[in-house]
1. Using Cα springs under 10 Å in a Gaussian network model of the chain, which residue among Gln99, Gln114, Gln150 shows the largest mean-square fluctuation?
2. Let me see the pair-distance distribution of the chain: every alpha carbon pair, 5 Å bin width, integer percents in order.
3. Out of residues 5 or more away from Ile117 or on other chains, whose amide H comes under 5 Å of its own, with H placed 1.01 Å from N in the peptide plane?
4. Show me, for the stretch 9-21, the HN-Hα J-couplings you get by feeding each phi into the Karplus relation (A = 6.51, B = -1.76, C = 1.60, θ = phi - 60°), rounded to Hz, glycine and proline as x.
5. Within 10 Å, at most 12 other Cβ atoms, and a DSSP state outside H, G, I, E, B define an exposed site. Report the longest part of the chain free of exposed GluC sites (Glu not before Pro).
6. Are there any trypsin sites (Lys or Arg not before Pro) in the stretch 87-171 that are in a DSSP loop and have at most 11 other Cβ atoms within 10 Å? List them by number.
Amino acid sequence: MYDPKADGHCGWRAASVVLNGTEQEWPLVKVCMDAILKKHSEFYRYGLRVEYDDLLRMLSHQTEGVGVFSNNYFETLDCPRLLAEAYNRPVVIYSDDSQMTYLPHLQEPPPSPQSPIVLYLSAFHFRAIVLDEEAITKIQWPPIYPGYYQFNKDLNLPLGWYDLYAPVCRT
């Protein structure tokens, strides 16, 4: 488990550790998420019904140090769904009181999918859990976000991630 700097950007920093091997690249994570949010704005606004303007504000805040307010923190519903899509990898969030697996909606998994982005939230601080690639099939993951399958099926969106993860996720 990696414990990033606790400066209000810890969720972005933790994701960056898993994705880039360093927490210093956390602004890049936000840039990638911002690009996906804008590219698929209709899907996020009206399909997933995310708090679009709040996400835009959150993703644009990249100042280090003081002035990071809780409304700019990595939150545990829209951010994992957007992060999963931006990197075409599942995101698993563990916390003291819940666990959830978030899968990309718009893309199929690549031929050799990477392990999920795994974050642990405790006392308003995110940590990264870095796993090897074999972890995909060796770990029983938390449940898939409720409604994922039906949502993707109803909108004729890809179900490849669901097919890959449903057998290894708790129900």
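1. Sorting by GNM fluctuation, first place goes to Gln150.
2. P(r) for the chain, in whole percents per bin: 1, 9, 18, 23, 22, 16, 9, 2, 0.
3. Val91, Val92
4. Running phi through 6.51 cos²θ - 1.76 cosθ + 1.60 with θ = phi - 60° gives 10, 4, x, 5, 5, 4, 4, 5, 4, 5, 7, 10, x Hz.
5. Details: sites that count: Glu64, Glu133, Glu134.
In the chain, the maximal stretch lacking such sites is 65-132.
6. Working: sites: Arg127, Lys138, Lys153, Arg170; in loops: Arg170.
Of the trypsin sites (Lys or Arg not before Pro), the ones in loops of the stretch 87-171 whose Cβ has at most 11 other Cβ atoms within 10 Å are Arg170.
Computed from the coordinates by the stated procedures, all read-outs in this text should not be read as laboratory data. All figures in this text were calculated on a predicted structure; none of them were measured in a lab. Cβ atoms come from the backbone with ideal geometry, glycine included; neighbour counts cover every protein chain shown.
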